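Some notes on the structure that comes next.
The values are calculated or read from the model by the stated rules, or taken from the named source; none is laboratory data. Since this is a predicted model, take the numbers as computed values, not measurements. So basically every Cβ, Gly included, is an ideal-geometry build from the backbone, and we count neighbours across all protein chains shown. With ligands, DNA and RNA removed, areas are computed over all heavy atoms of the protein, side chains included. Shrake-Rupley method; radii C 1.70, N 1.55, O 1.52, S 1.80 Å.
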Amino acid sequence: LIIESIIGSGEKYKKAGSFDQAAGFYLRVPKEFPKHAKALSAMMNAGVMYEEAKEPEKAADVYLELAAQYKTAPEAEKAAFAAGVVYERVAYFDRAAEAYEVVVKDFAGSAKAPDALYNAGVLRQALGQHEKAIAHYQTYAKKYDDRKDAAEVAFRIGVVYEEAGDDGRADAAHRAYAKTYRDTPRRVIEAHVRSART
């Protein structure tokens with residue numbers, strides 16, 4: 001009865017457009033009754049309410065907390081990925097990358113893991129964190145070599161080495177790409193050109 005009452009209050013504030021207050025009520029359920037069946041959905045609703053209230057940081061924090069607290073639930077992986085999307089939308093790229101890395105680390109077998117790994121690599125590259133970007137791209141190209149974009153991701157490895165000013169490794173990466181991905185002639189030619197330039 002208490003839980004139904006708390007959720008009912010959240011629904012009331014949601015309908016009234018008071019999303020902050022609705023989120024506050026929804027969050028009471030996992031705080032006061034963390035093992036209840038409705039705790040997880042109430043927590044997800046709180047994140048959505050914070051998004052509606054234009055408070056993306058709070059929303060993403062709730063999603064990440066949900067992913068940590070309910071790791072075995074199917075919603076946990078979606079929540080962690082949603083946190084990355086929310087952070088990315090408001091240009092908190094470092095936090096977005098960290099959220100995507102949670103998906104890769106804690107939910108490696110999930111359907112969202114490849115996209116999360118790729119997104120983390122792109123964000124780390126944009127942030128100038130070359131070693132992390134390269135590590136993500138290398139893992140992606142190796143682990144998800146059956147995906148259509150695996151060759152494109154592998155090509156990025158040499159590009160990031162170039163951006164980092166590491167000509168030796170860039171050359172090696174471009175040569176390796178040209179040898180491994182012969183069925184992508186345009187990129188192979190570019191890899192040879194970049195290799196020669198480095």
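Candidates in the stretch 129-148 are the residues that are aromatic (Phe, Trp, Tyr) and part of a helix (DSSP H, G or I); of these, the one that is surrounded by the fewest Cβ atoms within 10 Å (Cβ to Cβ) is Tyr140.
Results for (1) touching a Pro at 6+ places or on another chain (Cβ under 7 Å); (2) in a helix (DSSP H, G or I); (3) not aromatic (Phe, Trp, Tyr), shown as yes or no for each residue.
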site	(1), (2), (3)
Tyr50	no, yes, no
Lys58	no, yes, yes
Leu64	no, yes, yes
Thr72	no, no, yes
Ala76	no, yes, yes
Ala82	no, yes, yes
Asp94	no, yes, yes
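Looking across the stretch 21-42, the residues that are within 16 Å of Val62 (Cα to Cα) and either within 25 Å of the chain's Cα centre (by Cα) or of a type in the set (Lys, Arg) (or both) come down to Ala23, Tyr26, Leu27, Arg28, Pro30, Lys31, Lys38, Ala39, Leu40, Ser41, Ala42. Is it the case that the stretch 28-45 has a residue that's of a type in the set (Val, Ile, Thr) and not in a helix (DSSP H, G or I)? Within the stretch 28-45, not a single residue is of a type in the set (Val, Ile, Thr) and not in a helix (DSSP H, G or I).
Number of residues in the stretch 59-99 that are crowded, with 18+ Cβ neighbours inside 10 Å and among the basic types (Lys, Arg) equals 2. Of all residues in the stretch 104-128, exactly one satisfies the criterion of being crowded, with 20+ Cβ neighbours inside 10 Å and not in a helix (DSSP H, G or I), namely Phe107. Of the residues Ala164, Ala133, Ala99, Ala170, the single one that is touching a residue at least 24 places away in the same chain (Cβ under 8 Å) and touching a Ser or Thr at 6+ places or on another chain (Cβ under 8 Å) is Ala170. Residues in the stretch 72-99 that are within 14 Å of Ala126 (Cα to Cα) and among the hydrophobic types (A, V, I, L, M, F, W, C): Ala91, Phe93, Ala96, Ala97. Taken over the stretch 1-49, the residue count meeting the criterion of being among the β-branched types (Val, Ile, Thr) and surrounded by fewer than 14 Cβ atoms within 10 Å (Cβ to Cβ) is 1. Among the residues of the stretch 178-189 satisfying the criterion of being touching a residue at least 24 places away in the same chain (Cβ under 8 Å) and part of a helix (DSSP H, G or I), which is most open to solvent (accessible area, probe 1.4 Å)? Looking at residues that are touching a residue at least 24 places away in the same chain (Cβ under 8 Å) and part of a helix (DSSP H, G or I), I get Thr180.
All told, Glu52 falls short of being open to solvent by 70 Å² or more (accessible area, probe 1.4 Å) and modelled with pLDDT under 90.
Does Gly158 count as assigned to a helix (DSSP H, G or I), more than 24 Å from Ala91 (Cβ to Cβ) and either open to solvent by less than 10 Å² (accessible area, probe 1.4 Å) or of a type in the set (A, V, I, L, M) (or both)?
yes
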